[in-house]
Amino acid sequence: MKLEERALLQERVKNLVLGQALHMALARLADADRAAGRDARSDLSAFEETILTAARTLADKAVAQKLAVLVAVEDVSATLKAAFDGARAQIDVARAAESAATAIAA
């Protein structure tokens, strides 16, 4: 395996692992939010916007530098977006389950 191919594979694995770890952390955050009676979906959206704004700010600074930095920021943004989308999907599933349980109890 060439050095470039190995570096690319390592980057992909790192992104996959970090994406999954972030997804699990966000799911736990959403569960804690729900348990506290907060709107987990709204809180996640605000958190996502804050993180993506920070990434875009970094990307704006990187425009004057190497394209690789800009590409890395875009990759991170895509990973973050996917993790937040997954956490929101789990919130929707939990809400549906709660609604079904409430309907059955009634």
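Each reported figure results from applying straightforward, stated rules to the coordinates on display, with no laboratory input. Everything numeric in this text was worked out from a predicted model, so none of it was measured. Using ideal geometry, Cβ is built from the backbone for each residue, glycine included, and neighbour counts are taken over all protein chains shown.
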Final fewest-first order of V71, V76 on the 10 Å Cβ neighbour count is V71, V76
The extension gain from T102 to V71, computed as 0.36 nm times the residue separation minus the Cα-Cα distance, is 6.5 nm
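Given R₀ = 22 Å, FRET efficiency for R38-N15 by Cβ-Cβ distance, to 0.05?
Values: r = 30 Å, r/R0 = 1.35.
The formula returns an efficiency of 0.15 here.
Quick one: putting +1 on the C-beta of Lys and Arg, -1 on the C-beta of Asp and Glu, what dipole do you get for the chain around its Cα centre, in Debye to the nearest 20? Show your work: numbers first, answer last.
Working: 14 positive and 15 negative charges, 47 e Å.
Computed charge dipole of the chain: roughly 220 debye.
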Kirkwood Rh over alpha-carbon pairs of the chain plugged into Stokes-Einstein at 10 °C, 1.306 mPa s gives a D in µm²/s of 100
Extreme residue, positive dipole direction of the chain, given options A96, L3, A106 (C-beta unit charges): L3
Round to the nearest 0.05 the FRET efficiency obtained for D31 and K81 when R0 = 25 Å and r is the Cβ-Cβ distance. 0.75
In percent, what relative contact order does the chain have, based on Cα pairs under 8 Å that are 6 or more apart in sequence? 36
Taking L3, L22 and counting other C-beta atoms within 10 Å, the order from fewest to most: L3, L22
